[in-house]
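*Asks:* One structure is given below, represented as structure tokens, and several questions about it will come after.
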Amino acid sequence: MYVMVCTRPDIPHAVGIVSRFLSNLGKEHWEGVKWILRYLKSTSNMHLYFKRSNLTLQEFSDADLGGDLDGRKSTTGYIFTLGGTTISWKSKLQGRVSISTTEAEYVAISEATKEMIWLKNLLKELGKGQDESPLFSDSQSAICLAKNPILYSRCKHIELKYHFIRNLINDK
Amino acid sequence: MWFSILLYKRLYVKLESKFGSEPEQIVESLTLELPTRRSSRTIIAPQRYSLSLHYLLFTDAGEPEHFAEAMQEDESIKWELAMEDEIKSVQKNKTWSLTKLLEGNNVLQNRWVYRLKEELDGSKQYKARLVMKGFQQRQGIDFTEIFSSVVKMTIIRVILSIVAAENLHLEQLDVKTAFLHGDLEEEIFMAQPKGFEVQGKENLVCKLHKNLYGLKQALRQWYKKFNEFMRNSGFHICKEDHCCYMKKYVNNYIILALYVDDMLIVGANMAEIDRLNKQLSENFEMKDLGPAKQILGMRISRDRYGGILNLSQENYIEKLLSRFNVGNAKTRNAPLGTHLKFSKWQSSQTEEEENHMSKVSCICSKELDVCYGLHQT
């Protein structure tokens, strides 16, 4: 867990999946834990690598659809890089069930945006203000949804709070 | 009365029939004190239950667990000296004064914590520390607010990437006895430390003026004091994280990140950093660790000419793996196999299974705690 928080953006998804069953661990879950440990063994010399760069902030967000077999909720994942080095990451089960990939990705984007606002403010305060920090998503439909304030028939139910990303895009 | 006479008579008759002549002597001794059925052997507790041996078995590396045990050991003189040292430094700090206890005041207990530290040259250092039992504190009476000054991991990484990008100096400082610097706002009473009760004033208690280890508000008070100092010396706090400070100069700047008592200082101008160091050590007892090599268990290695900075946790991971005995296990190339799909119905169903798995996970979490503890020290 501590390894995941500090220097290893590659395992939070795996750790997160296994951690959901910590209250009542089964044999298969334990297999998963062992798998992670074995993976760590083969990659223990991996580290974060900082190099000379121009300090631009980039964000990447992604989501799966119904990866959690019990509640059929989706999982958000995002990664922030500053000058090419990963500085912030997260893998989190979404609080709601998504009907389409578009919706799951859309929620992931808005989650990532929250972190982005915080990071941007921080960098601004440290004198490294960012004019433009691109946010990448692998879902064209989610990107379109964020850009166009149109109410599609299949996206009627998406909650209001996730639409604040539209607001931010308009502000730019 | 009549009953005892009756008993006496009966015995007399019985004994007379048994022994014939001269039964009176025997009867007398019988009625006066009946001997209990007990062996005459003097009882000595087996040595394996003796206190000193008992503790020796349980404490490793010869560190006593509490006061009584420290006094029992062969090296009690050294522990005593260590405790005297601690008391002296606390008294020099004017941490408490003796007062009479008023009714309704809560008196907190304390204890001694002993540590053996091995120096690089192999000699041993005996350390004793007076610690409050903070769990006896009640909210609203003995403490109102708590806070811990821990900078976010993301901020550390942001700072490191700035360092690498602009090839800045990265210095690390450590505050000695950080908690003892804070002043107390609440009235807190403490029992006199064991072994150092003032003669003739045993019924008095200590009223605390300064922080001691173990108090719940210790961290907050320390942060408050540090914060005040930083403000006075012209730094401003980041709104995004209150443990990150910054000061701008004409064409450069200094950033300071605080993690309880460890701090990272980043800046382009070494003279400015030195000046800040000097100011800090005038106010607090500081230890200059030079260029940062390790923070929070993460190793920092730099190549300033190449402009490269690495942040690795290899040692920590290796320690973790050896705890779980993964040494000879097969390695994997992905964090999790794609065939591994987890669900609730894979959880333990029967009680027996649950017991077994809880043991496994218990060991697992305990080990994790140990690892975390190791890392913290």
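*Asks:* Just checking, does region A:125-133 include any residue being more than 29 Å from B:Cys243 (Cβ to Cβ) and surrounded by 15 or more Cβ atoms within 10 Å (Cβ to Cβ)?
*Replies:* No: region A:125-133 contains no residue that is more than 29 Å from B:Cys243 (Cβ to Cβ) and surrounded by 15 or more Cβ atoms within 10 Å (Cβ to Cβ).
*Asks:* Something else now. For B:Gly306, only one of the following conditions fails: (1) of a type outside the set (Lys, Arg); (2) within 11 Å of chain A (Cβ to nearest Cβ); (3) on the phi > 0 side of the Ramachandran plot. What is its number?
*Replies:* (3)
*Asks:* Something else about it: Looking at region A:81-95 only, could you name the residues that are of a type outside the set (Ser, Thr, Tyr) and within 14 Å of A:Ser53 (Cβ to Cβ)?
*Replies:* Across region A:81-95, the qualifying residues are A:Leu82, A:Gly83, A:Gly84, A:Ile87.
*Asks:* Please enumerate the residues belonging to region B:293-335 that are more than 21 Å from B:Ile155 (Cα to Cα) and in contact with an Asp or Glu (Cβ under 7 Å, 6 or more places away or on another chain).
*Replies:* B:Arg323, B:Phe324, B:Pro335
*Asks:* Mind counting the residues in region B:318-335 that are closer than 13 Å to A:Ser42 by Cα, at the interface with chain A (Cβ under 7 Å from one of its Cβ atoms) and not in a helix (DSSP H, G or I)?
*Replies:* So the count comes out to 8.
*Asks:* Need a quick list: helices (runs of 4 or more DSSP H) entirely within region A:1-70 having at least 1 residues that are at pLDDT 80 or above, of a type in the set (Ser, Thr, Tyr) and buried (at least 18 other Cβ atoms within 10 Å of the Cβ).
*Replies:* Where helices (runs of 4 or more DSSP H) fall fully within region A:1-70 and carry at least 1 residues being at pLDDT 80 or above, of a type in the set (Ser, Thr, Tyr) and buried (at least 18 other Cβ atoms within 10 Å of the Cβ), they are A:27-42.
*Asks:* Which of (1) free of Cβ contacts under 8 Å to residues at least 60 places away in the same chain; (2) facing chain B (nearest Cβ under 7 Å); (3) closer than 21 Å to B:Lys152 by Cβ is the odd one out, the single condition A:Leu55 does not satisfy?
*Replies:* It is condition (1) that A:Leu55 fails.
*Asks:* Read through the list (1) at positive phi; (2) more than 16 Å from the chain's Cα centre (by Cα), then give the number of the only condition that A:Gly66 fails.
*Replies:* (2)
*Asks:* Can you find, within region B:86-107, the residue that is nearest to B:Pro193 (Cα to Cα) among those that are of a type in the set (S, T, N, Q) and in a loop (DSSP other than H, G, I, E, B)?
*Replies:* B:Thr95
*Asks:* Look through B:Arg299, B:Arg275 and report the one residue that is more than 7 Å from chain A (Cβ to nearest Cβ), without any contact (Cβ under 8 Å) to a residue 40 or more places away in the chain and within 23 Å of B:Lys152 (Cβ to Cβ).
*Replies:* One residue alone meets the criteria, B:Arg299.
Per-residue answers, yes or no, for (1) more than 14 Å from A:Ile36 (Cα to Cα); (2) of a type in the set (Lys, Arg); (3) touching a residue at least 12 places away in the same chain (Cβ under 8 Å):
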position	(1), (2), (3)
B:Ile308	yes, no, yes
B:Asn315	yes, no, yes
B:Phe324	no, no, yes
B:Gly337	no, no, no
B:Ser343	yes, no, no
B:Glu351	yes, no, no
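*Asks:* On the given criteria, is A:His13 closer than 30 Å to B:Thr350 by Cα and at the interface with chain B (Cβ under 9 Å from one of its Cβ atoms)?
*Replies:* Yes; evaluated as a whole, the condition is true for this residue.
*Asks:* Before we move on, is B:Val260 among the β-branched types (Val, Ile, Thr), more than 7 Å from chain A (Cβ to nearest Cβ) and in contact (Cβ under 8 Å) with a residue 60 or more places away in the chain?
*Replies:* yes
*Asks:* Suppose we filter A:Asp70, A:Asp62 for residues that are over 25 Å from A:Leu123 (Cα atoms), of a type in the set (Asp, Glu) and in contact with a Phe, Trp or Tyr (Cβ under 9 Å, 6 or more places away or on another chain); which single one remains?
*Replies:* The conditions single out A:Asp70.
*Asks:* Given the criterion farther than 30 Å from B:Leu180 by Cα and in contact with a Leu (Cβ under 7 Å, 6 or more places away or on another chain), identify the matching residue among B:Ile300, B:Ile317.
*Replies:* B:Ile317
The values are calculated or read from the model by the stated rules, or taken from the named source; none is laboratory data. Keep in mind it's a predicted model, so treat the numbers as computed, not measured. Quick reminder, even Gly has a Cβ in these numbers, built from the backbone with ideal geometry, and neighbours come from all protein chains shown.
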